[in-house]
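The values are calculated or read from the model by the stated rules, or taken from the named source; none is laboratory data. Keep in mind that what you see is a predicted model, and the values were worked out from it rather than measured. Using ideal geometry, Cβ is built from the backbone for each residue, glycine included, and neighbour counts are taken over all protein chains shown.
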Amino acid sequence: MTRTTKTRLTVEIQHVGRGGVLAIASARVWISGVEIAVNGLEVRRGLDGKLTIDAPGVAHGGKVLPAIELPPELERAIGREITALL
């Protein structure tokens with residue numbers, strides 16, 4: 001049996017430009033009709049000049065852990081969409 005998954009992705013950004021944060025982004029992903037929203041993605045320029053996109057974090061035991069972990073394929077897709085908007 002094979003299954004077809006319908007996936008859709010939209011991204012919105014708000015330009016900030018202070019404290020090292022270039023923009024704050026939100027992504028919405030629809031997978032088989034289920035919507036997943038990721039808000040508070042921070043877009044920064046790394047020391048190497050490349051853009052970095054960090055998921056929001058939560059403090060836990062003296063560390064900051066990502067509030068959400070995405071599969072690498074979805075991380076890359078969101079990153080490409082955000083980069084295209086900047």
query = Is it true that ILE82 is surrounded by 14 or more Cβ atoms within 10 Å (Cβ to Cβ) and modelled with pLDDT of 90 or more?
reply = no
Residue count for segment 51-75, restricted to those that are farther than 17 Å from ILE13 by Cβ and either loosely packed, with under 14 Cβ neighbours inside 10 Å or of a type in the set (Phe, Trp, Tyr) (or both) = 14
query = Just one of the numbered conditions (1) exposed (fewer than 15 other Cβ atoms within 10 Å of the Cβ); (2) at pLDDT below 90; (3) part of a loop (DSSP other than H, G, I, E, B) is not true of ASP48; which one?
reply = (2)
request  = Output the qualifying pairs, or none if there are none: Cβ atoms under 7 angstrom, residues six or more apart or on different chains, first residue in segment 60-74 and modelled with pLDDT under 90, second residue part of a loop (DSSP other than H, G, I, E, B).
outcome  = PRO66/ALA55; ALA67/ALA55; ALA67/PRO56; ILE68/ALA55
key: Checklist (1) closer than 20 Å to THR10 by Cβ; (2) in contact (Cβ under 8 Å) with a residue 24 or more places away in the chain; (3) in a strand (DSSP E or B) applied to GLU42, failing item   = (2)
